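Report on one structure; see the data block that follows.
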Amino acid sequence: MGSSAATSSATAAATLPDAWRVELFRKSAADDPDGAHLPAAARELGITGLERARLGRGFLLPPALSAEDVARITRELLADPVLDDVRTTPPEQEPHVGAGARVLVARKPGVMDPVALTIERALRKAELVPAGVDVFVSTFHAWELEGALGGAELAELASRVLANDTIESVTLGGEGLHYGRPAPAKLHGRVEVPLLAADDATLLDISQRGALSLNLVEMKAIQAHYAAQGREPSACELETLAQTWSEHCKHKTFAGIVDMDGRRIDNLLKSTIKRATDELDRDWCVSVFHDNAGIIRFDGDWDVCFKVETHNHPSAIDPYGGAGTGIGGVIRDILGVGLGAKPIANTDAFFVGPSDLASEALPKGCMHPRRILRGVVAGVRDYGNRMGIPTVSGGVWFEEGYVANPLVYAGTVGLMPRWAAHKEVHPGDAILVVGGRTGRDGIHGATFSSAELHEESEMVSSAAVQIGDPITEKRVLDGLLRARDLRLYRAVTDCGAGGLSSAVGEMGETCGAEVDLELVPLKYPGLTPEEIWISEAQERMVLAVPPEHLEACMAVFAAEEVEATCIGRFTDSGRLVLRYAGEVVGDMEMAFLHDGTPRPVRRASWTAPDLADPGAPRCDDVARTVLALVGTPNVASKEWIVRQYDHEVQGMSVLKANVGVKSDAPGDGAVLRPLEDSLKGVAITCGANPRYGLLHPGRMALAVIDEALRNAVAVGGDPDHTAILDNFSWGNCDKPDRLGALVLAAEACRDAALAYGTPFISGKDSLNNEYRVGDRSIAIPPTLLISALSIVPDVRRAVSMDAKRAGDLVYVVGLTRAELGGSEHHRVRGLAGGVVPAPDLAAAPALLRALHRAIAGGYVQACHDLSEGGLAVAAAEMAFAGGLGLDVDLARVPATPFPSGYDADTTALFSESCTRFLVEVAPEHQAEFEARLDGLPLGLVGRVRADKVLELRGAGGDVLARLDLGDLRAAHLSSFQG
Amino acid sequence: MTTPRALVLRAAGTNCEAETARALRLGGAEVEVLHHNRLVAEPQRLDELEIVVFAGGFSYGDDVGAGRVWGLDLRHRLAAALRAYVDRGGLALGVCNGFQVLVDSGLFGSVDAQGRRDIALTNNASNHYECRWVELEAQPCACPWIVAGERMPVPVAHAEGRFVVKDAATLARLKANGQIALVYVDPAGGEPAYPADPNGSVAHIAGLCDPTGRVLGLMPHPERNLDPWNHPRWTRLGARTEGEGLAFYRRMVATAAGSLVP
């Protein structure tokens, strides 16, 4: 990265932009926190010479403006009169510069720049630009750095902190700002791809050169299809097929045929996850699996819906843009489910490498996990907050296996009227594209996300990076929901991976569609028909509008300052016809497009890792181990993330991510009250555990489903009105061991769903999460994120996890077994192997129902699920959250007999067995509470204390540890905090 | 007492209009939510109103600076009508981004004849977005519906809420005019350090009124604390009938209805 920064500086030093340049620097260092924080960020990289930094915000304005125009624009819009010093430079002149080394950071041509767009719109609206001037604005950052910095240090600082080379150009100590729109591609009409005479090698070459991600079997199927028609495919047609058949869009692995050690599975998804939903046949399931999100009944005339997506590959290359467009994309899924829902909550989950990874352990071409995590948090923050959707729930997992392949999950919950749950397209309906303009951004995102990353991924895939413009999406949201309520359209879907090709292709699947590509509004001229058709430019939706409502519908969007353009119509031809300036550039059967994908048989096999069970050796220093566990990165505080997300907007908050006397303890899940005239709530929770997945993917799947459900029950959710989503991130499933693990996990999902009576309503998979270095291919740990949406019958009975009152009774509910495989305890003590926790499917559902009845009855003061770190961590968290100590007597913990090699106290404290809770009950409710849990494993282990001490007593009666709450709270903050 | 009529103004990127409208409705007003562009087209609508609220959010993405683009539009297309509205006794409130917009609009009397402003809202000292509950204390001020000494728990959610002034004289003038309406306090007592003061504002200012007291802006969000269960520690508190933010809006509506006007 450093070398490319140096190169651009050398080549560009002489050029000065033909534009007015305005640079704004804060008058006072106190008003420039970006500058003030930079020396500390530099020190983290080992660069100690940076003494002072200033950030200048720079703007390039049209050269045709007069000096007076520029002064007025600066005064009225760009500069703050209290805070900013202004430096203005006329076109093609040397700028005034301040002290120190200068680093200029600008977006590469064609990369989305939302700030510039906003300025252009504002200048036009306020008429600050004379008529006839082409309003084109660029922005950049000018850093002025003082201190003893070598050239190499400057380059490193620039590439690792100040800029992302993938989307930004950097110049060190020189000029080189680009001003102007990106160069147009060579325009052409219909282009044919010579396929019919191609041999296998040529077919693969065409796929690879075109970044189509089509394998040989698929290329041959396409060849045969066109041979039967006696013609070559057009470029548009081939691109459409590549996008529609991509793993990302078609889920070929999950829908394919698997040979699992000789057992044939025809369509893994249908035979496991979907089958469970079908068999359960819950009457509150409204729409499952076929639309952009799953929909369930909520209350009265209202339904709720939920979707979780991954955005892994883009986030590896540009964490900020990748995560931002990830959340932007899943919000559009919710806007595009049925006739559209109002997004009411966002969720996120990140899986990254260890935060303390040594720099020398970082593989070539990868970013440090800290930079990735900070970037994805900032991406979700800046997109989610601007959308006015509270980000309420989530998680972060740190694990070696994610160093090269970080995972970014983003979810959105929506609220919709019952009449809006379904859509239909009629022939004759107009195809209306609304929202952002189409540019060259995100070309081949669908096929790129289906391929493996490798060392040069940053170079070859930069076109696949998308930058979000949340304010455009917010306008689309405002317009769409208004048009929905006026019933002005019949169907809607989002432009996600695959762009218009995917959206129009899906909507027109059962009827047909024709599109005039030259009508699509462009960010800049010169896109080829193929580029227009498959661009993944963000913030666009496609609507099917009855002709009689077209004018009214467009007026609604116009009132929200949203561009809406009719680009074609749906037909009854069964064909997808694409024209450009009158010429047909594509004409294909919908049936082949959607059903022509070959279904190869993939082999699957799984063998357990060869690891002996280390047991649970007696712990010599329980207090130290508990403190270590409370501070281990997977358990430690995530408050630094939670505080950056607006989790209060829309005013529905009942339980927040962090709870307790200081609002700094980890709650089990978020609860919201979506409707002002109903006391019903929704709980949003999740479960995941990659360390379990490495040891046993099947037991892992059972455990994380249990985790999501017990979190939901802990905060007040009804387990009989809970739906879940599956999101698999896996390695390359062409390899039998990866696919074998997937089969185990999917079958466990089916078993758990049936046992708990909890249907899956939607899901998504991201495969090929592997990183190639030389000959080695490294897969991520098998990662299943389960997200739960649970109805809370009465929000006034929602329960938080903090200890409430001295003297209250403390129970452990659920059975403890010798299950420490993949546990945080084992990680902290350096042990490998062991039995991965899994719920007893015969007993767990009844326990969840019974505990729910006790909570719904109002007999529970506090409830916390037992997960990473087991009983010890749950008790520590409940205590410091409430600012009250606890007594815990391990002799009273309900448990199965432990095998030899398992110390009783160690196992009781640190086992991660599923379906267990720590519950606080007021003495006056003891009888009612115990009656509701009659016959279930229940142990009265102690009481809430009046002082600030957690006292753990061993089965032999001895005090194992006395922990001060202040020390526990400090330990909770002891790992990476942003 | 007649029912006051309130307008919640929205624009591209505002996102608090629904809960703000609810707060005003629960507070006793008749409420309409309207796009800024519609009011620009029909400024005479102001004649029928007692309350105008600039909703919070990220107007135009806050892409140049918080509230600047909407503020520019206000100055160009609505300033005179709004000035006349306030002069005839109308109340105006800006919450969070609405406050940032009002600062830029000039309605606080802090923009001179040459268009130079002497107050600003800018980056939090922490340099990042902060969503957390804080405690506000009402100050003796010109605003008739602020009861000096009262405290209110309320969430903040912003990245650019640090109130700054051009110079010491500006701050002295704001004090002398009774314009400092709400400040952050530390519930434990003493000088409110971060995070009790979440952004590092001068004099810990969270809310400001104009010299007439009829225009009020504040960074925190009382409309996110209307229900008994919004408070972050409600599960530890006794029975509650409403959130503390509701009284804030109820008093504003009552003032508009004339019952609290001195």
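Yes or no, residue by residue, for (1) surrounded by 14 or more Cβ atoms within 10 Å (Cβ to Cβ); (2) touching a residue at least 12 places away in the same chain (Cβ under 8 Å):
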position: A:ALA558; (1), (2): no, no
position: A:GLU561; (1), (2): yes, yes
position: A:TYR580; (1), (2): yes, yes
position: A:ASP587; (1), (2): yes, yes
position: A:MET590; (1), (2): yes, yes
position: A:TRP606; (1), (2): yes, yes
position: A:LEU611; (1), (2): no, yes
position: A:PRO614; (1), (2): yes, yes
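Is there a residue in segment B:79-86 that is crowded, with 19+ Cβ neighbours inside 10 Å and either more than 10 Å from every other protein chain (Cβ to nearest Cβ) or out of contact with any Lys or Arg (no Cβ under 7 Å at 6 or more places or on another chain) (or both)?
For segment B:79-86, residues crowded, with 19+ Cβ neighbours inside 10 Å and either more than 10 Å from every other protein chain (Cβ to nearest Cβ) or out of contact with any Lys or Arg (no Cβ under 7 Å at 6 or more places or on another chain) (or both): present.
Say whether the condition of being touching a residue at least 60 places away in the same chain (Cβ under 8 Å), under 26 Å from A:HIS721 (Cβ atoms) and in contact with a Leu (Cβ under 6 Å, 6 or more places away or on another chain) is met by at least one residue in segment A:634-652.
yes
Based on this model, can you work out whether A:ASP478 counts as in contact with a strand residue (DSSP E or B) (Cβ under 9 Å, 6 or more places away or on another chain), of a type in the set (Asp, Glu), in contact (Cβ under 8 Å) with a residue 60 or more places away in the chain and crowded, with 21+ Cβ neighbours inside 10 Å?
Spelling it out, A:ASP478 is indeed in contact with a strand residue (DSSP E or B) (Cβ under 9 Å, 6 or more places away or on another chain), of a type in the set (Asp, Glu), in contact (Cβ under 8 Å) with a residue 60 or more places away in the chain and crowded, with 21+ Cβ neighbours inside 10 Å.
Looking at segment A:224-249, I want the residues that are in contact (Cβ under 8 Å) with a residue 40 or more places away in the chain and surrounded by fewer than 20 Cβ atoms within 10 Å (Cβ to Cβ) and have a partner that is in a helix (DSSP H, G or I) and among the aromatic types (Phe, Trp, Tyr) with Cβ atoms under 6 Å, at least 6 apart or on another chain. Which pairs are those?
Short answer, once both residue conditions are applied: A:HIS225/A:PHE592.
Step by step: first the residues of segment B:12-26, then only those that are surrounded by fewer than 24 Cβ atoms within 10 Å (Cβ to Cβ) and in contact (Cβ under 8 Å) with a residue 12 or more places away in the chain, then the one that is farthest from A:VAL649 (Cα to Cα). Which residue is that?
Filtering segment B:12-26 for residues that are surrounded by fewer than 24 Cβ atoms within 10 Å (Cβ to Cβ) and in contact (Cβ under 8 Å) with a residue 12 or more places away in the chain, the one farthest from A:VAL649 (Cα to Cα) comes out as B:LEU26.
Residue-by-condition table, conditions (1) within 30 Å of A:LEU702 (Cβ to Cβ); (2) touching a Phe, Trp or Tyr at 6+ places or on another chain (Cβ under 7 Å); (3) of a type outside the set (Val, Ile, Thr):
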| site | (1), (2), (3) |
| --- | --- |
| A:ALA874 | yes, no, yes |
| A:GLY885 | no, no, yes |
| A:PRO899 | yes, no, yes |
| A:ASP903 | yes, no, yes |
| A:VAL949 | no, no, no |
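Checking the conditions here, which among B:VAL64, B:VAL33 is modelled with pLDDT under 95, within 19 Å of A:GLY388 (Cα to Cα) and either within 9 Å of chain A (Cβ to nearest Cβ) or within 19 Å of the chain's Cα centre (by Cα) (or both)?
B:VAL64
Would you confirm, using the coordinates I've provided, whether A:PRO114 is at the interface with chain B (Cβ under 9 Å from one of its Cβ atoms) and more than 30 Å from A:ALA42 (Cβ to Cβ)?
Criteria not met by A:PRO114.
Six or more apart or on different chains, Cβ under 6 Å: which pairs go from a residue in segment A:34-46 that's within 11 Å of chain B (Cβ to nearest Cβ) to one that's outside any helix (DSSP H, G or I) and small (Gly, Ala, Ser)? Could you list them?
A:GLY35/A:ALA53; A:LEU38/A:ALA53
Yes/no per residue for (1) closer than 21 Å to B:TRP70 by Cβ; (2) assigned to a loop (DSSP other than H, G, I, E, B); (3) free of Cβ contacts under 8 Å to residues at least 40 places away in the same chain:
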site	(1), (2), (3)
B:GLY109	yes, yes, no
B:VAL134	no, no, no
B:MET152	no, no, no
B:ALA157	yes, no, no
B:VAL164	yes, no, no
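Per-residue answers, yes or no, for (1) in a helix (DSSP H, G or I); (2) of a type in the set (S, T, N, Q); (3) under 30 Å from A:VAL161 (Cβ atoms):
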residue: A:HIS248; (1), (2), (3): yes, no, no
residue: A:ASN292; (1), (2), (3): no, yes, no
residue: A:PHE298; (1), (2), (3): no, no, no
residue: A:GLY324; (1), (2), (3): yes, no, yes
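Can you tell me which condition A:VAL828 does not meet? The list is (1) surrounded by fewer than 21 Cβ atoms within 10 Å (Cβ to Cβ); (2) touching a strand residue (DSSP E or B) at 6+ places or on another chain (Cβ under 9 Å); (3) not in a loop (DSSP other than H, G, I, E, B), and all the others hold.
(2)
Name the single residue that is farthest from the other protein chains (Cβ to nearest Cβ) among those in segment B:176-204 being under 23 Å from B:VAL86 (Cα atoms) and touching a residue at least 24 places away in the same chain (Cβ under 8 Å).
The qualifying residue farthest from the other protein chains (Cβ to nearest Cβ) is B:GLY178.
Pairs, please: C-beta under 8 Å, at least 6 apart or cross-chain, first residue within 13 Å of A:LEU339 (Cα to Cα) and in contact (Cβ under 8 Å) with a residue 24 or more places away in the chain and in segment A:290-312, second outside any strand (DSSP E or B) and of a type in the set (Asp, Glu)?
From segment A:290-312, the pairs are A:ASN292/A:ASP333; A:ALA293/A:ASP333.
In segment A:669-766, which helices (runs of 4 or more DSSP H) lie fully inside it and hold 3 or more residues that are surrounded by fewer than 22 Cβ atoms within 10 Å (Cβ to Cβ)?
Because the criterion is at least 3 residues that are surrounded by fewer than 22 Cβ atoms within 10 Å (Cβ to Cβ), the helices (runs of 4 or more DSSP H) in segment A:669-766 that meet it are A:736-756.
The values are calculated or read from the model by the stated rules, or taken from the named source; none is laboratory data. Keep in mind that this is a model prediction, so the values were computed, not measured. Counting neighbours? That spans all protein chains shown, and the Cβs are built from the backbone with ideal geometry, glycine included.
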